[in-house]
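Let me begin by presenting the structure, written as structure tokens, before commenting on it.
Any read-out appearing in this document is the output of simple, stated calculations on the displayed coordinates, not a laboratory observation. In this text the structure is predicted, and so the values were computed from the model without any measurement. Note: ideal-geometry Cβ built from the backbone for every residue, glycine included; neighbour counts use all protein chains shown.
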Amino acid sequence: MEDLLIQALNGLASASSLFLVASGLTVIFGVSRIVNFAHGSLYMLGAYVGWSLVTQLPEGLAGTSVGFWGSILLAALIVGAIGMVIEVLLLRRIYEAPELFQLLATFGVVLVVQDVALLIWGPQDLLGPRAPLLRGSTEMLGVRFPRYELFLIIVGPVVLGLLWLLFHRTRWGTLVRAATQDREMVSALGVDQRRLFTSVFFLGAMLAGLGGTLQLPRESVNLQMDLAIITEAFVVVVVGGLGSLPGAFLAALLIGELHAFGILILPRITLVLVFLVMAIVLVARPHGLLGRASAPSRGAAAAPDPPIGPTPRPLIVAGAIALALLIAAPLLLRDYEISVLTELLIFVLFAASLHFIMGPGGMASFGHAAYFGAGAYGAALLAKHLGAPMLLGLAAAPALAGLLGIAFGWFCVRLSGVYSAMLTLAFAQIAWSVAFQWVEVTGGDNGILGVWPDGWARDKSVFFYLTLVLCIGASLMLRRAVRAPFGYALRAGRDNALRAEAIGIDGFRIRWLAFTVAAVAAGIAGGLFAYSKGSVFPSTLGIPRSVDALLMVLLGGVQTLSGPIVGALAFAGLQEQLMRATELWRLIMGSVIIALVLFFPQGLAGAVQKAWGK
Amino acid sequence: MLDVAGLHAHYGRAHILDGVGFTVAAGEVAVLLGRNGSGKSTTMKAIMGLVPPSAGSVRFEGRDIAGQPPFRIARAGIGYVPEERRIFTDLTVLENLDVGRQPARAGLRSWDAARLFDLFPSLGAMRDRPGGRMSGGEQQMLTIARTLMGNPRLLLLDEPSEGLAPVIIERMVHAIAALKAEGLSILLSEQNLHFARLVSDRAVIIEKGRIRWAGTLPDLIAADDVREQYLSV
Ligand SMILES: Nc1ncnc2c1ncn2[C@@H]1O[C@H](COP(=O)(O)OP(=O)(O)OP(=O)(O)O)[C@@H](O)[C@H]1O
Ligand SMILES: [Mg+2]
């Protein structure tokens, strides 16, 4: 009984922190329609900046309440200002860009912030001080409970109340709510949208910073905080309903308590539980608990995708030359270089499989690594537990990935836009937690080692040729499918779902099939990846791997069929080079991504295609 | 007051306005007449900066405002009432008005909620009702009232009579007359002459993105051939 009470209170305290971050995210999304991946980075910065302020207080202030609470507030304001700078320098320029590009840009910010934080604060975990006035614990209903946690429990509802007042009792709030519905009309009424957006970013970033800095007395500050919180915050925002503050509050409570009790009852599957609840909520209520089906905010017209023509002759020639070079490559290169090339080929297929659902299918997936990872684990598990030969493993890879695609796809393709993307993320996290937590079977964090090719394929060149045949073959088949009647139906559904249904296209089935095909293709890539590396780890299906795939597709350009190939080569090549050349590869990679979004919004292949067309 | 010359505008590659030119004099009510899809709304949006003009000039009180962002054009003194009304459905009547509020302008009696409720009495009875729960006619009054809160000197009214019941249209006619009496200049767009002739001094006819005829209302009513060619459906 006492345990239950303590867990319930713990859950409320985490819910408050979660709400602070999620509220900022949802407010920013409401107005700007930007899904801000960097919101977790702002949270992390809040914690770091707060730590620096508190630990470097001048003599008289150190250890005092004024010093501590002043630092907390100041840290939140500083993070708000950082958010403003990000908005003015970057996001303001890309409000008209497609949703995914905005996401890509904010992910660039994530990478940059990670390295900047590493440079300033170093890799080690930092411990914050206790909060003055709130040390120790209080007796409540017969149990002792830390005072700071009680304080946090109150912070959530108080912030919700203040935000409500801000949005409903001030003209600024009225303008923000109006802009959430129709920002173009607001500007036609004489309101300077840009200043309004910047101020909204300040508020949102400040809330994230506050959420982060308030963690100081609770847990250590580290470089993993950003991605950890952002997934949770996404879940909260999506479960609550994008743009809804009360919804975010409700969802934060739900998720917070789920965590707290999950640990008590089913410690092994808490993570799965959270994402499962999200999946259930979204299937039952496709716009979240309190969200509404919103028309896309006016004032951001998206250009239609250009039609896909036959492959132009120069491209066929270039492809043939590239293929010839690849076939000749093992004769000219050393083993290490052959491995790198093998990996590049694997990524080309991985990217092409994601492109298949994103480009022609028009569905964004934030969790495509799930299928890549399922392939890798499918092969590795067979090899480890059954001692299966490689070809069997390579066959199991797409099979397992495909099954997962059928199961997850059934949910994901019913939703649209951000909600669908978030659901893919949720499923990928479920897959990740299974790999991470089911230690007996998957080895947990230690992964599965010794997944080597059979004797005949152990030679790097032989494995390279095997990879070449499978990856290029599968990529070409995907390309072919886009031009087949199936591809027409898929694109018709993307461009106008209603009209496509009217001419007898079963959009759901077509999308479901496409999703599964993409999962199978990613599975092939994953299986090859396992054998080329000789091991698999949960990171094979982690968020960063999913983001890699997104980056490859978006860098190459969603609208062109050659995009994923160019993107995969550019991204994986660049990352490989950078990681070898410098510790700060994230900083450079992030900056490159940001620059690309700003200067080549159609992706690399798109830019080439455009230059060609002129 | 307003002097539009050689105005071109595009939606993507589609060339919609093909050198539109006309003027609106201070204190007058001018009407832009034309059939469906002739470019009336696009002309207004181009003046307002909502569709960036690709060429041409828009002079307002002597200053060229073409190419400026919409909020600056609004602050310069042009009020825009869109055809689709675009009421903020989550906001109450008072909040909708609040969004439109701009500082007072020299030499102009500025608008506030009380004065607007005199002009549109039915709005006064539903101050706290969300915009989404109002009838089409009420929304039309609210969208005009909201724009007036910015104290414009020139009002762009895009098809204010569209889809309204005769009683409401009559009220609209009175409101426009009252605004004209206040000294406001008005450019409205219409498809049919019926409403236009009740309120306007001068007409400008647009077709396929070009101005085809301009003159006083009595002249237009006398010119059967012009009406036949550009306005009959
Ligand atoms: N957002 C848009 N994208 C592409 N074309 C558009 C867009 N809006 C209008 N058009 C086209 O521009 C032309 C002029 O449209 P506009 O709305 O200016 O006409 P209008 O005279 O206001 O017509 P109505 O009386 O129906 O309101 C039409 O051919 C229309 O199809
Ligand atoms: Mg129109």
| task | Starting from the alpha-carbon convex hull of segment B:1-125, give the projected area averaged over all orientations, in nm². | result | 9.2 nm²
| task | Can you find, among A:GLY504, A:VAL116, A:ALA252, the residue farthest towards the positive end of the dipole of chain A? Put +1 on the C-beta of Lys and Arg, -1 on that of Asp and Glu. | result | A:GLY504
| query | How many nm separate the modelled label positions at A:ARG458 and B:LEU94, each set 7 Å beyond the Cα in the direction of the Cβ? | reply | 8.3 nm
| remark: If R0 = 60 Å, then A:ARG414 and B:ARG212, at their Cβ-Cβ distance, give a FRET efficiency to the nearest 0.05 of 0.70
| task | Please give, to one decimal in nm, the separation of the simple spin-label points placed at B:ASN192 and A:ARG292, each 7 Å out from Cα toward the Cβ. | result | 3.3 nm
| Residues of B:63-69, mean number of Cβ from any other protein chain within 10 Å of their own Cβ, rounded to a whole number? | 1
| What is the extension gain from A:ILE120 to A:ALA81, computed as 0.36 nm multiplied by their sequence separation minus the C-alpha to C-alpha distance, in nm to one decimal? | 12.2 nm
| query | What's the average, rounded to a whole number, of partner chain beta-carbon atoms within 10 Å of each residue's beta-carbon in B:96-102? | reply | 5
| remark: Distance in nm between A:PHE151 and B:ALA178 label points, each 7 Å along Cα→Cβ, equals 5.7 nm
| Bin by bin, in steps of 20 Å, what percent of the Cα pairs in chain A do you find, going until the bin that has the longest distance? | 19, 53, 25, 3
| message | Rounded, prolate or oblate, given the Cα gyration tensor of segment A:1-114, with a/c below 1.5 counting as rounded? | response | oblate
| Rg to Rh for segment B:2-230: what is it, with Cα atoms only and Rh by Kirkwood? | 0.95
| query | Of B:ALA203, B:ALA74, B:ALA181, which has the largest mean-square fluctuation in a 10 Å C-alpha GNM of chain B? | reply | B:ALA181
| Potential lengthening between A:VAL441 and A:ARG483 on full extension [0.36 nm per residue; Cα-Cα distance subtracted] | 11.0 nm
| field | Calculated over segment A:339-543: convex hull of Cα atoms, volume per residue (Å³) | value | 100 Å³
| said: To make sure I understand, if each residue's beta carbon is the centre and we count other beta carbons within 10 Å, what order do A:CYS471, A:CYS412 fall in, fewest to most? | reply: A:CYS471, A:CYS412
| task | Would you compute, for the Cα atoms of segment A:442-513, the largest minus smallest coordinate along each principal axis and list the three values in descending order, in whole Å? | result | 55, 32, 14
